[in-house]
1. Students sometimes get this wrong: rank MET106, MET159, MET236, MET1 by accessible area, probe 1.4 Å, all chains present, largest first.
2. Note the full-extension length gain between GLU75 and SER52 as 0.36 nm times their separation in residues minus their Cα-Cα distance, in nm to one decimal.
3. Using a Förster distance of 35 angstrom, determine the FRET efficiency expected from the C-beta separation of ASP219 and SER248, and round it to 0.05.
4. How much mean residue ellipticity at 222 nm does the chain get from its helices, if each DSSP H run of length 4 or more adds -39500 (n - 2.57) and you divide by all residues, to the nearest 500 deg cm²/dmol?
5. So, with +1 on the Cβ of K and R and -1 on the Cβ of D and E, and no other charges, what is the size of the charge dipole of the stretch 42-135 about its Cα centre, to the nearest 20 debye?
6. Using Cα centres only, tell me the gap between the stretch 137-186 and the stretch 109-129 in whole Å.
7. For the chain, take the longest principal axis of its alpha carbons; what is the angle in degrees between that and the long axis of helix 30-44, to the nearest 10 within 0 to 90?
8. How about the stretch 212-306: which trypsin sites (Lys or Arg not before Pro) there are in a DSSP loop, with at most 16 other Cβ atoms within 10 Å of their Cβ?
Amino acid sequence: MPSLKQLRYLVALDDHRSFRRAAEACHVTQPTLSAQLKELELKLGGGLVERSRHHVIVTPLGRQICERARRVLREVDEIAALAQMAQRPLQSTIRIGVVQTLGSYMLPLIVPDLHDSHPALKLYMREGLADYLLRGLGDGALDLLFLPLPVQGAGMATMPLFREPIAVVMPHDHPFAACDAVAPDQLRGETILSLEPGHRLYEQVRRLCDEYGAELSRDYEGTSLDTLRQMVAMGMGLSLMPALYVKSEVAHQDIVVARPFRGTPPARTVGMVWRQGTARQDEFRELAALIRTILKDRAPEIVVLG
């Protein structure tokens, strides 16, 4: 039978498509990883990897075995997590995925207090688009996600954390800058800059533009909120941005300004996502309670839920 170590090496090779990078990810030498994979192929009686000087290809058989290996390794990790959590909840490593429109603006608010109260807790963080992170969660590469809700997909448990208002961001010399707030109907005919498709925020901004009669720019789309902010500063249009980004990157600027919506503002709900039935669900609920307490003190701009 293959060993768990060999299955981990095969999955790492499938992830990285490079013996060198896979070995680095597994913290072993490249010859060690290569030798173990050759032994695995001998045990299973089939070729799992096509090797050449320029590339590595996992064969169809190798991909099928990788798919099952991921499930096996995920269950083994769950066993270890269950035993560790029973002894010391929130005292180990949590592999977190977070969307780019949230990570750099929420995490600095919560990490210092979490480290003070739980110094043994380690948060390994990976940023990416929501679909990519959800695949990582399903594969077992990640334990927990911070995402805008709702999330589609079987086998996922969610817990809302807060509602984050959306504000209008504009050049400092735009007529709306003289207003205390912007009414939705004032956006009719205005050009709105947004992130490129694939971001959850893009979909929300697209719907708001349809609702308010604004023109969503198709010619200029940002790869990040910082890119959008620079384009807004150049007078290329307005943008709709979430409150924590505004707090972090706009509130102290003088080239762009943010104004709230008049009345009830549009908002996104941000929450935690994990695999349904994971051994760590009680630990994640405890973490959610800690995060809510921190954000109530640190971020009055949002509405903490629960």
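The values are calculated or read from the model by the stated rules, or taken from the named source; none is laboratory data. No experiment lies behind these values; they were computed from the predicted model shown. All Cβ positions, even for glycine, are placed from backbone atoms using ideal geometry, and neighbour counts span all protein chains on display. Protein only, heavy atoms only, side chains kept; ligands, DNA and RNA dropped before computing areas. Shrake-Rupley method; radii C 1.70, N 1.55, O 1.52, S 1.80 Å.
1. MET1, MET236, MET159, MET106
2. Numbers: separation 23, 0.36 × 23 = 8.28 nm, distance 3.30 nm.
Using 0.36 nm per residue and subtracting the Cα-Cα distance, I get 5.0 nm.
3. Numbers: r = 27 Å, r/R0 = 0.78.
So the FRET efficiency works out to roughly 0.80.
4. Numbers: 9 runs with 129 residues, N = 306.
About -13500 deg cm²/dmol.
5. Details: 13 positive and 9 negative charges, 109 e Å.
Dipole about the Cα centre, nearest 20: 520 debye.
6. Taking the Cα centre of the stretch 109-129 as reference, the centre of the stretch 137-186 is 21 Å away.
7. It is inclined by approximately 60 degrees.
8. On the way: sites: ARG218, ARG229, LYS247, ARG262, ARG268, ARG275, ARG280, ARG285, ARG292, LYS296, ARG298; in loops: ARG262, ARG280.
Answer in residue order: ARG262.
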